[in-house]
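Heads up, the thing below is written out as structure tokens.
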Amino acid sequence: MELRSHVPGGPLEAKWERHRSEIKLVNPANKLKHHIIVVGSGLAGAAAAASLAELGYRVSCFCFQDSARRAHSIAAQGGINAAKNYQNDGDSVFRLFYDTIKGGDFRAREANVYRLAEVSASIIDQCTAQGVPFAREYGGLLANRSFGGVQVSRTFYARGQTGQQLLLGAYQALSRQIGSGTVQMNPRAEMLDLVVIDGRARGIIVRDLVTGAVSAHAGDAVVLATGGYSNVYYLSTNAKGCNVTAIWRAHKRGATFANPCFTQIHPTCIPQTGPHQSKLTLMSESLRNDGRIWVPKKKGDTRPPHQIPEEERDYFLERLYPSYGNLAPRDIASRRAKEVCDEGRGVGPGGGGHGVYLDFRDAIARLGRRAIVERYGNLFEMYQRITGEDPFQVPMRIYPAPHYTMGGLWVDYNLMTTIDGLYAIGEANFSDHGANRLGASALMQGLADGYFILPYTIGDYLAQAKPVKVDAEHPAFREVQKDVAERVRRLLAASGGKTVDAFHRELGRVMWDKCGMSRNGAGLKEAIGRIGALRDEFWNDVYVGGKGEELNQSLEHAGRVADFFEFAELMCHDALHREESCGCHFREEYQTPEGEAKRDDERFGYVAAWEFTGVGKEPLLHKEPLAFEAVHLAQRSYK
């Protein structure tokens, strides 16, 4: 298999414009003849489905929620980046590009990242025109704030509900197309497999989550916009339904999986309260604009925060990274928080817990309570409802948690995977964030892919491939549907004594301990063996219950966890093979004397794209070398 990125030639700043001028087009009348399947209705999926339908294509959109409005994009809080330079503080397209490349520790494809920065300004114009209520300054201009890893204010926001408001904008556009009949919306439908005919993606197999009916759907191209896989850790900030199934099934059909071990641990989440918990809650990174992170200088200090004087507090991010302070990138802030907690200086019930303080005392004194309410009111309310503590009176307690996944299906410059006609957009692909995503860039990528990139590039494929018409009666569809039915039958036939959730918890603990915030070779080898044993135990001792021809949430969960077991092995293989530290991938054996990530550009300056060879078998590695023309490779420094 050869990885062809199809990056156009010419100067970096001219590549996208040149590519758009040279790609093949589909005649407006011919667009009506093409049927495109979009799986997922979050920001990337809804934007893509609406935009493709607006262009004239016939679109079928599938989501497992009861409404597109319930996609996990709704949970994004802090904001969306764009190189508008409204603050006149030195921002530019190139600076956004460079911050993203550097933030990802030089493990992303240069041309894709520059294109992302280039179209970012158009996203804000699009969303403002849709009526997204971005925060505004007193004079009426759109407001900005800062996020981690940058020294400018480029983040546009709608209080602490930015993802929700952006999704409502995309949902409006999608609803308009549904109303006009150009998009057929299929809620409560989960993709369970991909159909490939003659090397091209031609459709999907889905299960109706209400009736249990399994059906086949054919199209000329398939777009996966199904989000990330942080729930492999069991506890994460993701919605409980988030899973790896769609992209994993595509991987098993021939799509390579790139950099699966690049998983982001977010530094500002509400700490776990006990073993009973099944979900973690994100507190927006935007809080680090005004909140100061600290722990007691003394180990095991159990005094309430208001009794610890200033001189006995360690504002460790401000001390270690004076240029960026509390807005150091997520991977660095998370590791440092874990470090002080491992030293016995964590805070929480009983002292020495898993938590650090996020303190707004100084900001409230400087700006006043009203200003803080205007910026973060709903976040403060959410924190108080969950913890019973008032952040206006006592500091928040936060601790890192699995959040976003930079790995995903390998895609070329056109966002097409190694299967012709199969596209992956948003968090489902690997393309833009390297080894660490900067805050407020997920929404930017999802909308860039859906509104401004895929609608151009998919036409290039359709114009050249000229796919012949197939329908769901084709033998390939019946064969894949038979595979899906057998998998469902096998899950229901298991009559063991352990619940699906119990297995998921065990897998999550292995992944967090051995392939979480830090990893080492011995631990990863142990994890691979343990995951294989757990996977075998799962198929022999899981209990699902119920029937397939009905609403059966245990069956849904079982299918997703079965895929997590297979995927977790690939994650650990990827982390084991990458004998360097870069961004979120922190191998304990490879670090600088100061405890920072130590890259090995000579040996690992590439995208690791893995080919599936069978369950339990060693995956096959393919490499896409990363070449940098506009930036100079250097050790990241935020000091």
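The values are calculated or read from the model by the stated rules, or taken from the named source; none is laboratory data. Note that the structure is predicted; figures quoted are calculated from it, not measured. Using ideal geometry, Cβ is built from the backbone for each residue, glycine included, and neighbour counts are taken over all protein chains shown. Areas reflect the complete protein model, heavy atoms only, side chains present, ligands, DNA and RNA absent. Shrake-Rupley method; radii C 1.70, N 1.55, O 1.52, S 1.80 Å.
Considering the range 230-261 alone, what residues qualify as being closer than 24 Å to Arg599 by Cβ and in contact with a helix residue (DSSP H, G or I) (Cβ under 8 Å, 6 or more places away or on another chain)?
Phe257, Asn259, Pro260, Cys261
Can you tell me which condition Ile178 does not meet? The list is (1) more than 25 Å from the chain's Cα centre (by Cα); (2) of a type in the set (A, V, I, L, M, F, W, C); (3) within 30 Å of Ser286 (Cα to Cα), and all the others hold.
In the conditions (1) more than 25 Å from the chain's Cα centre (by Cα); (2) of a type in the set (A, V, I, L, M, F, W, C); (3) within 30 Å of Ser286 (Cα to Cα), Ile178 misses (3) alone.
If I filter the range 505-518 for residues that are crowded, with 16+ Cβ neighbours inside 10 Å and of a type in the set (Ser, Thr, Tyr), do I get at least one hit?
There is at least one residue in the range 505-518 that is crowded, with 16+ Cβ neighbours inside 10 Å and of a type in the set (Ser, Thr, Tyr).
What single numbered condition from (1) assigned to a loop (DSSP other than H, G, I, E, B); (2) modelled with pLDDT under 95 fails to hold for Asn378?
Going through (1) assigned to a loop (DSSP other than H, G, I, E, B); (2) modelled with pLDDT under 95 one by one, Asn378 breaks only (1).
Look through the range 116-145, keep the residues that are at pLDDT 95 or above and acidic (Asp, Glu), and return whichever of them is surrounded by the most Cβ atoms within 10 Å (Cβ to Cβ).
Per the stated criteria, the residue is Glu118.
Please verify whether Ile398 is part of a helix (DSSP H, G or I), within 26 Å of Leu280 (Cβ to Cβ), in contact with a Ser or Thr (Cβ under 9 Å, 6 or more places away or on another chain) and not basic (Lys, Arg), treating the condition exactly as stated.
When the stated conditions are applied, Ile398 does not pass them.
If you scan the range 341-358, which residues turn out to be more than 27 Å from Ala442 (Cβ to Cβ) and either open to solvent by less than 10 Å² (accessible area, probe 1.4 Å) or outside any loop (DSSP other than H, G, I, E, B) (or both)?
Of everything in the range 341-358, those that are more than 27 Å from Ala442 (Cβ to Cβ) and either open to solvent by less than 10 Å² (accessible area, probe 1.4 Å) or outside any loop (DSSP other than H, G, I, E, B) (or both) turn out to be Asp342, Glu343, Gly344, Arg345, Gly346, Val347.
Take the residues in the range 519-530 that are not aliphatic (A, V, I, L, M) and not in a loop (DSSP other than H, G, I, E, B), then tell me which one is surrounded by the most Cβ atoms within 10 Å (Cβ to Cβ).
The selected residue is Arg519.
Scan the range 146-170 for residues that are farther than 11 Å from Pro133 by Cα and either touching a strand residue (DSSP E or B) at 6+ places or on another chain (Cβ under 9 Å) or open to solvent by 10 Å² or more (accessible area, probe 1.4 Å) (or both) and report the count.
Qualifying residue count for the region: 9.
Among the residues of the range 211-262, which ones are of a type in the set (Lys, Arg) and either under 20 Å from the mean Cα position of the chain (by Cα) or not assigned by TED's automatic domain parsing to the domain that holds Gly199 (or both)? Step through it out loud before you land on a result.
The initial filter retains those residues of the range 211-262 that are of a type in the set (Lys, Arg), namely 240, 249, 252-253.
Answer for the range 211-262, where residues must be of a type in the set (Lys, Arg) and either under 20 Å from the mean Cα position of the chain (by Cα) or not assigned by TED's automatic domain parsing to the domain that holds Gly199 (or both): Lys240, Arg249.
I need the full set of residues from the range 208-232 which are touching a residue at least 40 places away in the same chain (Cβ under 8 Å), on the phi < 0 side of the Ramachandran plot and open to solvent by 10 Å² or more (accessible area, probe 1.4 Å), in order please.
Val210, Thr211, Ala213, Val214, Ser215, Ala216, His217, Ala218, Asp220, Ala225, Thr226
Out of all the residues in the range 401-421, which are assigned to a strand (DSSP E or B) and more than 19 Å from the chain's Cα centre (by Cα)?
Asp420
Going by the structure shown, is Thr182 of a type in the set (Ser, Thr, Tyr), surrounded by fewer than 23 Cβ atoms within 10 Å (Cβ to Cβ) and in contact (Cβ under 8 Å) with a residue 24 or more places away in the chain?
yes
Residue by residue through the range 266-284, note down the ones that are open to solvent by 10 Å² or more (accessible area, probe 1.4 Å) and of a type in the set (Val, Ile, Thr).
Once the filter is applied, which keeps residues that are open to solvent by 10 Å² or more (accessible area, probe 1.4 Å) and of a type in the set (Val, Ile, Thr), the range 266-284 yields Ile270, Thr273, Thr281.
Select from the range 598-619 the residues that are touching a residue at least 60 places away in the same chain (Cβ under 8 Å) and outside any loop (DSSP other than H, G, I, E, B) and list them in ascending order.
Asp601, Val607, Ala608, Ala609, Trp610, Glu611
Which of the residues that make up the range 340-377 are under 32 Å from the mean Cα position of the chain (by Cα) and closer than 22 Å to Gln161 by Cβ?
Leu358, Phe360, Ala363, Ala371, Ile372, Val373, Glu374, Arg375, Tyr376, Gly377
Hey, does the range 129-144 have a residue that's in contact (Cβ under 8 Å) with a residue 12 or more places away in the chain and among the charged types (D, E, K, R)?
no
Could you give every pair whose Cβ atoms fall below 6 Å, whose first residue belongs to the range 480-496 and is without any contact (Cβ under 8 Å) to a residue 60 or more places away in the chain, and whose second residue is surrounded by fewer than 18 Cβ atoms within 10 Å (Cβ to Cβ) and assigned to a helix (DSSP H, G or I), counting only separations of at least 6 or pairs across chains?
Gly496/Asp541
Residues Leu327, Leu320, Leu287, Leu367: which one is farther than 26 Å from Thr405 by Cβ and crowded, with 16+ Cβ neighbours inside 10 Å?
Just one listed residue meets the conditions, Leu320.
Just to be sure I understand the filter: pairs with C-beta atoms under 8 Å, separated by 6 or more residues or on different chains, first member in the range 454-465 and surrounded by fewer than 20 Cβ atoms within 10 Å (Cβ to Cβ), second member in a helix (DSSP H, G or I). Which pairs pass?
Pro455/Ala48; Pro455/Ser51; Pro455/Leu52; Pro455/Leu55; Tyr456/Arg20
Being in contact (Cβ under 8 Å) with a residue 60 or more places away in the chain and among the hydrophobic types (A, V, I, L, M, F, W, C) is the filter; apply it to the range 310-346 and report the residue that is farthest from Lys598 (Cα to Cα).
Leu327
Of the conditions (1) modelled with pLDDT under 95; (2) open to solvent by less than 10 Å² (accessible area, probe 1.4 Å); (3) among the acidic types (Asp, Glu), Asp412 satisfies every one except a single condition; which number is it?
That leaves (1) as the condition not met.
Take the conditions open to solvent by 10 Å² or more (accessible area, probe 1.4 Å) and over 15 Å from Met283 (Cβ atoms) and apply them to Arg361. Does it pass?
yes
Among the numbered criteria (1) of a type outside the set (Val, Ile, Thr); (2) within 19 Å of Asp331 (Cα to Cα); (3) open to solvent by 40 Å² or more (accessible area, probe 1.4 Å); (4) touching a Leu at 6+ places or on another chain (Cβ under 8 Å), which one does Tyr590 miss?
Just one mismatch for Tyr590, condition (4).
Those residues that are open to solvent by less than 10 Å² (accessible area, probe 1.4 Å) and aliphatic (A, V, I, L, M), I need them from the range 376-409; list them, please.
Leu379, Met396, Ile398, Ala401, Met406, Leu409, listed by residue number.
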